[in-house]
Structure formats: structure tokens, C-alpha cells
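Heads up, the thing below is written out as C-alpha cells.
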Amino acid sequence: MAFDIDMIKGVYASMGERVEKARELVGKPLTLSEKILYSHLWDGKTEKAYVRGKDYVDFAPDRIACQDATAQMALLQFMQAGKDKVAVPTTVHCDHLIQAKDGAAADLKHANETSKEVFDFLGSVSNKYGIGFWKPGAGIIHQVVLENYAFPGGMMIGTDSHTVNAGGLGMVAIGVGGADAVDVMAGMAWELKFPKLIGVKLTGKLSGWTAPKDVILKVAEILTVKGGTGAIVEYFGPGATSMSCTGKGTICNMGAEIGATTSTFGYDESMERYLRATDREDVADAANKVKEHLTADPEVYASPEQYFDQVIEINLSELKPLLNGPFTPDLATEVGSMTEKATENGWPLAVEWGLIGSCTNSSYEDLSRASSIAQQALDKKLKTKAEFGINPGSEQVRYTTERDGILEIFEKLDAKIFTNACGPCIGQWGRYEDPKNAPKNSIVHSFNRNFAKRADGNPNTHAFVASPEMTAAIAIAGRLDFNPLTDKLINEDGEEVMLDEPTGWELPPKGFEVKENGYEDPVEDGSGVEVIVAKGSERLQLLEPFEPITANDLQGMKLLIKAFGKCTTDHISMAGPWLRFRGHLDNIANNTLIGAVNAFNQKTNLVKSQLTGEYGGVPDTQREYKKKGIKTVVVGDHNYGEGSSREHAAMQPRHLGVAVVLVKSFARIHETNLKKQGMLALTFANENDYDLIQEDDTFNMVDAAEFAPDKPLTIEVVHADGSKDTIIANHSYNDAQIKWFNEGSALNLIKKQNA
């Protein structure tokens, strides 16, 4: 039986009426995305047709999911909101704080020892406020959500950018910062600009070596890492319905890498099969009663150009397996076409590791198809040239794949079976003692992100993204340019052999099974539960409210850093070893912007102080400005804040005294996070004005007192020689968001309203 079945039935009970009203107001047939959005309006009333990409809308998500790294700050904020219990079903999943190194048992034991304080805090807070708690080792948040909580037609938010994985079960599931989650936990509306819509029509059918992963790798190539910004991507067509539910999840998961608000598929038989296989017959039965509302109106998919803002068509029968990377998830190369490209760019052709798993490719189907390739290595007497690492997505998947002999196949190839956790995907990989000075190398993985230093902290690791089965094949061959469709390998007997096409199971033939899934239900009344944060702890720190930034603060601001090129949330607030400080704002602030490249010297973590004229680390320099009461400005390029949902990338600069972030363009989640923390998130009206910014600049906000919706702001930039430039800065703040700024943060406003 499903969690929260009464809530799900309640969503379905009102859906028909709300969809019909929305269709009447919009005046045309509706996409699935529109049906879900209009049926989740905060006040339950559909009274107007919203303008895509323009209107801010208040929504009422059905549930929230938080992972342990971001849950700390989210729950520390929620503790200030003055509430006894969360207002909507919420879960916490401990999956980020487990380092992959020696194997599942040893790594989990080590994590439980080193992060005991954090796990105990999360468990006690969850128990106190009515939050479901998934213990360390239970699984990766998004796989656990797909197996237990996702449902067709629902809306959820999560404090992780890959919350979008739940679109594989027909949800509108959106990654947000913790402050957004706190709003909803506290019983308030969640605000989102009504998204634009991108339709992806899938024709043909996947076969052979081509996998669902290749669909999103192709879409990433087409749209690039920012092409989906502000839009929901809705997949449809015969190619979509022919795919498994977990395959759909893989595609939606990596939608975060194109900047999409989320991605989704219409309800179909594969979703029903998955619901029934995961012991949710009641959800499948309820969904079947309203299934006409759980996909787009027929006219939409028949003439998609009339209903979507952009339409892409991909013939799956013609799609070739892809390798995307290195250092960006949208640089695609067809398998077999890598030799010349790698040689020209100096990418090492030898592959040292093949990593399979993470939240995007850790299902039973993924592991079974990859294991069919691994089994061939055993049967055909092939010695694997690269090392294997496997991260099962959940304890249910791990237990079932162990029962069915799938993990044993990998173990016979000396693979390391890591904990059911994120591991290398988020930098939690103990690969090197000294990663900064580690050698140049290539790895292939089925993860979603491959930014520099992302997996192992080594800036010289060239990471390429592929399907699980292709990852297995390339790991066996040990070469980046291996093409299993055409290339032969020499086995231990000196014979030439070829790998056959992968095979596998959509769902386990003998059904899923698990002995201990790692879930803990909260007590009914948490009023007596004590939440302990040790005084002097280096891992956890109770929060103090941010003071509002005044008009006077916005005069005489100094440039902290002008970031050059790509500046992701990894550059602003690194993961890896820094994850241990995610619950301690002041300690983790010591990594603020240390990965950003300074445009004036092309170095990281080395900026000029206008107080001393000397160069130093970004956090150290900023702390000196803070001591003097001087606010600062961060300047950036396009898609600033690309990557994960981590609000630390906004909270840390705010804590240290940054008042303004001025860039060419923002990634969606990060822009919202900056607003929530009471900062000014601004964009150049003229992108070329980025070039006007000099190293010793001082900034004056000319019309700060006139901050209003749709009104650009004027910035006077004073250079060291006394000359000045005037820059016009745009913003997307509405009236409610300006109140966040005036109060110092969105949380300050919540506390005021709940007082």
C-alpha cells in the first residue's frame, strides 16, 4: 500500500473539475504540464489563464523530499518558523554524507561514526515535526521517492535539483532551495513563474545499445545546459510509451542539466506496471479512474506546435549511443567517433574507472542490463581494463539484485559495490589522498553531472556520461573510443570476440523484495522530542536571522570577484569534503566562491582586497570587508548558479556580507535562492557591460529606494582612476519578493506572519 493514499485520492478527486475549468479559461486543449499546474493552484480556484514565462503563480505542492546535505539547513530554518508539525507530507533521506571508498559495509560504518551528530539531528528533527526519515543506507533520495512516493499527476518539490526524477512517474517534481521547502512545510504557498513548455516528441523505439540515457544526452546536446531554463519539458509519442518507467525517470532526472524547471511524461502502462510492482496497486487503481487527466489532451500531441513554445522530435530508431563530456553534460559525441576528437583535445583515451549508479541510473533495469555486459566479459574470458564501481539506488534494488545474482556478476569482475547512496556522483569518493595533485585521466559513468572535480576532487579527471550498459562496455575495453557495435576485443586465449547487445529486465521477474528498507515513521505527537545541537559543534549551528540590506548598505560596495566563464553551485559552494559542514553556516562559508575563476588573473580563490591592495582567498577577503561593514558585489557570466539546488551557494555569500550578485543570466533555482535570502539578484541589461567591470571598482545603487517590480535599477560604477560608468540592471522581483528583500529574507517574513 502506498504512503499517503488518502492525499493522492484527494488530488484525483478534484482534478477533473479543475482541469475542465482551466481548459475553459485557456480556451484550448491542455498539455499534461498545464493540467498538473492548474490543478495545484494554492487557493484551489482556477480563475485566469496564466502567461507562460511571465506570471508568478502560487502553488500547493502535495509533498516535499529533502536529502541530508540540504535538509540540515532547511530544517534549521524550519525550526525558526514557529510550527509544531509540517503542513504537507515530508521526508528526509540520508544519502549524501556517505563517502564511497572501501565498499558498502565499511563505508556505511564509517559514515555512521563520522556523521553521527548530523544523522541524530536529522532523525530527531524529523521525529519532532512529523517527517518520515530514511536512514543512511536506505537509498538515494530520488530512487526512493520513485519507488515509494511519486504518483501520476502529482506535484512535489525537493531540496535537490534532481527531484525532477519523479517525472518518470508523471509528476511535476521540481528542485528548490531549502527556503522554498520551508514555506511549504510551514503551510504557505510556493511561488513559481508559470513555466514555458517544451515538447519532445519521441518516435520509433529504442533497441540494441541505445538506451533511455541516450535520449537525454541528445536533448542536452540540442538545448545545451541552459536551453531548458524556465520551461517544463514534456515527452510524448510512441517512443515515450514504449519506454520503461525507470527509463523515463532517467530522462527526467538529467533534465536538471539543461536548466529545465522539470520534465515529465504522460501516464501510461509502463507507469502502471511499475506502481503495481512496487506494491502500490491502490495508486494504480486510483490513477486509472482519472487517467484522461494524467496525460495531455489528444489534440496536443497530434499538433504539438500549436500548444508548446518549442518542439523537438527525436527518432529513437535512428538514435545512436552517446558519450557526453568532459566537464559539461551537453558536449555529445557518438560512440565510435571519439578517437579524433579526444586526440585533438588531449583527452586521455585510456579509461580508469566505469561507475554505474547514482540517482539517475540505479534501477533494477539499469543494473540488469549493465550486468548482461559484465557477464559476457566472464563468459568470453575478457579481462576488464578499468575498475568498476556500483551504487545501487535503494536497499530494495540492492537486496533484489543481490537475490537475483546481478551484483555477484559485478563482484566476479572485482567491482566495488558501494553503499546505496550518491557517492562519486556528488564528490563523495575517496579515490585519492591528494586529489588536487592527482594525474590526468578519464572515467566513464552513468551519473548526471561531470563538472571538473565533481566526482573525485581531481581537476584532471575527464568524466564522460553514458548509459549503464555503455559504461560497462567501455570499462571492459578500457578505451574511450571503444565502439561495441563494431570493435573486437582480444580475450585471455588470444581470440577476437565481440560484445553482444545488452539484455535485461524492466522489472524483476520474481518481484521486488527487501528485508529492512531503512524507513522510520515519526511519532504522532513530537512535542516531547528534544532536538539537540551541541554547543561549539563544528557540524551544526543554529541560525540567526539575516539583517535587511538597506539603501545605505548599497552605496560604496566593493567588487569581491568578477567570475570568469562557468560558475556553478559547485564553484560557489563546493561539495565533497565540505558536505560535512552543510549544517554550520559559518564553517561552510569558508569555501565561498573558492572554485570561481577570477576574471582578472584566471586563478581560483585569489582576489584583490581593496582594503590592503593585497591578494588573498575569497572568503578571507570577504570577511575583512564584513568586519569593516562594507557590502560587496559578485559579478558573473551566463547561467550563473548552474547545477544543484544547494541554497548554501546563496546563504554563504549573504552571511559573509555580499549584497548584490550581478550577472549576464541566472540558473533558475539559484536566482530564487538569492531572492529568498534577501539579496539583490540582478542581470546586465546590456551583457557587454560585464566588460566594463574593473578589479578595483566601487558600486553605488543610484535608485535603491525606488526598488519596484518591472523597474530596472541603475548602478554607478566608480573605477580606481575616478572615472565612472553607469550600468542598467534588470531584475525579476515581484511585490512579494521585494517584501522578502525588505525584511531581510523570506524566512524573516514567515516568522513575522506567524508571530
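A compact table of results
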{"item": "Under-5 Å amide H pairs with residue 394, H placed in peptide plane, nonlocal only", "result": "140"}
{"item": "Computed helical MRE - 222 nm, the chain, DSSP H runs ≥ 4 contributing -39500 (n - 2.57), nearest 500", "result": "-9000 deg cm²/dmol"}
{"item": "Per-peptide average of other Cβ atoms within 10 Å, ordering 261-272, 591-602, 548-559 highest first", "result": "261-272, 591-602, 548-559"}
{"item": "Cα-centred dipole magnitude for the chain, charges only on beta-carbon of K, R (+1) and D, E (-1), debye, nearest 20", "result": "1020"}
{"item": "Spatially proximal aspartates and glutamates relative to residue 711 (Cα-Cα < 19 Å; intrachain offsets below 8 disregarded)", "result": "55, 671, 687, 689, 703, 735"}
{"item": "Estimated vicinal HN-Hα couplings, Hz - the range 311-316 in sequence order (Karplus 6.51, -1.76, 1.60; Gly, Pro = x)", "result": "10, 10, 10, 10, 8, 5"}
{"item": "Cut-off under 5 Å, modelled amide H: who pairs with residue 430 long-range", "result": "100, 101"}
{"item": "Given 116/675; 566/676; 248/320, the pairs whose alpha carbons are separated by over 25 Å", "result": "116/675"}
{"item": "Surface accessible to a 1.4 Å probe, per residue, for the residues of the chain, Å²", "result": "35"}
{"item": "Potential extension, residue 603-residue 302 segment - 0.36 nm per residue separation minus Cα distance", "result": "103.1 nm"}
{"item": "Derived scalar couplings ³J(HN,Hα) [the range 628-643; Karplus, 6.51 cos²θ - 1.76 cosθ + 1.60; whole Hz; x for Gly, Pro]", "result": "8, x, 9, 7, 10, 10, 10, 10, x, 9, 6, 6, 4, x, 4, x"}
{"item": "Sequence-distant residues sharing a close amide H with residue 312 (under 5 Å, placed H)", "result": "199, 200, 201"}
{"item": "Lysines with Cα under 17 Å of residue 289, excluding same-chain neighbours fewer than 8 positions away", "result": "9, 35"}
{"item": "Radius 9 Å from Cβ of residue 136, net charge of other residues (Lys, Arg +1; Asp, Glu -1)", "result": "-1"}
{"item": "Sparse-neighbourhood loop sites, GluC sites (Glu not before Pro) in the range 283-371 - DSSP loop, at most 16 other Cβ within 10 angstrom", "result": "318"}
{"item": "R0 of 45 Å, Cβ-Cβ distance residue 702-residue 112: FRET efficiency to nearest 0.05", "result": "0.25"}
{"item": "Residue 739-residue 279 pseudo-label distance in nm [points 7 Å out on the Cα-to-Cβ vector]", "result": "4.4"}
{"item": "Within the chain, percent of DSSP bridges classed antiparallel, to nearest 5", "result": "35"}
{"item": "Label-point separation, residue 752 to residue 726 (7 Å along Cα→Cβ), nm", "result": "3.2"}
{"item": "Quarter of Cα convex hull surface for the range 1-120, i.e. mean projection, nm²", "result": "11.5"}
{"item": "Neighbour cut-off at most 12 other Cβ (10 Å), DSSP loop, GluC sites (Glu not before Pro), the range 404-462", "result": "433"}
{"item": "For the chain: relative contact order, % (alpha-carbon pairs under 8 angstrom, 6 or more apart)", "result": "14"}
{"item": "Heavy-atom accessible surface of the range 381-530: percent carbon and sulfur, 1.4 Å", "result": "43"}
{"item": "Ranked by how many other beta carbons lie within 10 Å on average, peptides 680-690, 443-453 from highest", "result": "443-453, 680-690"}
{"item": "Bridge type composition, the range 319-476 - antiparallel percent by DSSP, nearest 5", "result": "20"}
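The values are calculated or read from the model by the stated rules, or taken from the named source; none is laboratory data. A quick note: this is a predicted structure, and the numbers were derived from the prediction, not measured. No Cβ is skipped: glycine too gets one built from the backbone with ideal geometry, and neighbour counts run over all protein chains shown. In case anyone asks, the SASA skips ligands and DNA or RNA and just uses the protein heavy atoms, side chains included. Shrake-Rupley method; radii C 1.70, N 1.55, O 1.52, S 1.80 Å.
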